[in-house]
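The values are calculated or read from the model by the stated rules, or taken from the named source; none is laboratory data. As the structure is a prediction and not an experimental result, all values here were calculated from the model. Cβ atoms come from the backbone with ideal geometry, glycine included; neighbour counts cover every protein chain shown. Side chains included, ligands, DNA and RNA excluded: accessible areas come from the protein's heavy atoms. Shrake-Rupley method; radii C 1.70, N 1.55, O 1.52, S 1.80 Å.
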Amino acid sequence: MHVVILGGTGFIGSALARALLARGDDVTVPSRAPRASGAGVASGVQGTGPSVTPAVWNGRDPEPLAQLLHDAHAVVNLLGENIAGGRWTAERKARILDSRVAAGQAVAAALGSLEVPGAGRPAVLVQASAVGYYGGWPDMATAPKCGEADPPGSGFLAETCARWEAASAPAQAMGVRRCVIRSGVVLGSGGALARMLPAFRAWLGGPLGSGRQPFPWIHLADEVGAILHLLDTPSCSGPYNLAAPQAVDNAGFTAELNRAVGRPAWLPALPAPGLALRLALGEMADEALLAGQVAPPDRLADSGYVFRFPALREALADLMRR
């Protein structure tokens with residue numbers, strides 16, 4: 001299989017690229033710095049045969065993207081500016097939204113331009129999204145279970161996810177099998193966990209706000225494994241929740257992470273007050289830190305995917321060994 005990964009230099013994309021290479025697939029990783037991206041993705045992959053091809057693409061122009069997609073079997077669109085990179089100013093919110101919509105629209109337009117006879121068009125598109133699509137709830141006890149058929153919720157994250165998904169939706173009318181992955185917090189050697197660990201290892205990690213908000217999570221191995229499963233399974237299409245079967249709240253996650261880093265059980269974990277988080281981060285605190293979703297991976301399980309790490313304790317134990 002030849003797979004084009006948009007966002008292949010990022011935390012999830014680079015792990016996906018390495019997994020594809022390890023199983024014998026060829027990978028193209030477009031980016032603004034192609035030489036660096038090729039070296040980074042290929043690191044840790046041994047042997048010959050499969051290859052990573054770095055390429056130049058600016059994230060929004062469909063014509064050069066169409067050339068990269070020509071004769072590829074699949075495309076995975078993970079592009080989007082990091083939502084947790086800082087306070088959500090009006091300018092930053094515009095960049096977060098635009099980076100996602102522009103890339104999705106470019107994918108759809110590029111796929112459409114390959115419809116002419118003799119042009120090879122990818123048969124499957126995996127489109128990134130997030131469980132923020134459903135909105136957020138401050139208390140797991142009253143939060144509903146969000147299923148893939150549920151409508152989008154309210155707030156900036158929900159609007160962003162809905163527009164992110166819609167941007168590449170025209171691909172479906174072209175006969176491209178499209179799978180939308182609504183991911184929870186991906187735990188791995190990088191990403192959100194890397195930002196948390198210094199405080200927890202210093203025994204300063206505590207719940208955020210009340211700690212009752214849902215904390216949807218997934219191990220990086222399952223995030224990648226689920227994407228591979230969706231690429232490989234012709235019967236899969238539509239939205240899929242990529243969150244582990246074991247639902248926990250923020251306090252439960254904090255307790256398990258403190259346990260994983262060896263914090264003594266008798267040492268209390270002091271919470272980070274919600275008011276302080278709101279003062280520091282504004283709207284981002286309310287939507288991304290003090291609220292969450294319960295998003296069981298029902299459609300993924302029904303399609304035959306088996307989680308390697310369905311429970312948080314085992315997931316964190318594995319990551320602490322890396």
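Quick one: count up the residues across the range 169-202 that are within 26 Å of D298 (Cα to Cα), free of Cβ contacts under 8 Å to residues at least 40 places away in the same chain and among the aliphatic types (A, V, I, L, M).
So the answer is 2.
Could you list, in sequence order, the residues of the range 85-121 that are modelled with pLDDT under 95 and under 26 Å from A19 (Cα atoms)?
The answer is G120, R121.
Taking the stated definitions as given, is S37 polar (S, T, N, Q), surrounded by 15 or more Cβ atoms within 10 Å (Cβ to Cβ) and at pLDDT below 90? Before you say what the answer is, go through the steps one by one.
Numbers: polar (S, T, N, Q): yes; surrounded by 15 or more Cβ atoms within 10 Å (Cβ to Cβ): yes; at pLDDT below 90: yes.
Considered against the rule, which asks whether it is polar (S, T, N, Q), surrounded by 15 or more Cβ atoms within 10 Å (Cβ to Cβ) and at pLDDT below 90, S37 comes out as yes.
All but one of (1) within 27 Å of E287 (Cβ to Cβ); (2) more than 15 Å from the chain's Cα centre (by Cα); (3) open to solvent by 40 Å² or more (accessible area, probe 1.4 Å) hold for W88, so report the exception by its number.
The single condition W88 does not satisfy is (3).
Filtering the range 258-284 down to residues that are part of a helix (DSSP H, G or I) and touching a residue at least 60 places away in the same chain (Cβ under 8 Å), which residue is farthest from T89 (Cα to Cα)? Give the derivation first.
Going through the range 258-284, the residues part of a helix (DSSP H, G or I) turn out to be 258-260, 274-281, 283-284.
After this cut, where a residue has to be touching a residue at least 60 places away in the same chain (Cβ under 8 Å) as well, the list is 260, 274, 277, 280-281, 283-284.
On the way: A260: 35, G274: 19, L277: 15, A280: 12, L281: 9, E283: 9, M284: 9 Å.
Per the criteria, the residue is A260.
How many residues does the range 91-112 contain that are in contact with a Pro (Cβ under 9 Å, 6 or more places away or on another chain) and open to solvent by less than 60 Å² (accessible area, probe 1.4 Å)?
Of the residues in that region, 7 qualify.
Take G47 and tell me if it is at positive phi and either open to solvent by 70 Å² or more (accessible area, probe 1.4 Å) or modelled with pLDDT under 95 (or both).
Here the answer is yes, as G47 does meet what is asked.
Checking the structure you have, find out if any residue of the range 113-124 is crowded, with 18+ Cβ neighbours inside 10 Å and assigned to a helix (DSSP H, G or I).
Taking every residue of the range 113-124 in turn, none turns out to be crowded, with 18+ Cβ neighbours inside 10 Å and assigned to a helix (DSSP H, G or I).
Quick check, is L79 modelled with pLDDT of 95 or more and either assigned to a helix (DSSP H, G or I) or open to solvent by less than 20 Å² (accessible area, probe 1.4 Å) (or both)?
no
Suppose we filter V185, V180 for residues that are in contact with an Asp or Glu (Cβ under 8 Å, 6 or more places away or on another chain), modelled with pLDDT of 95 or more, among the hydrophobic types (A, V, I, L, M, F, W, C) and under 22 Å from L228 (Cβ atoms); which single one remains?
Checking each option against the conditions leaves just V180.
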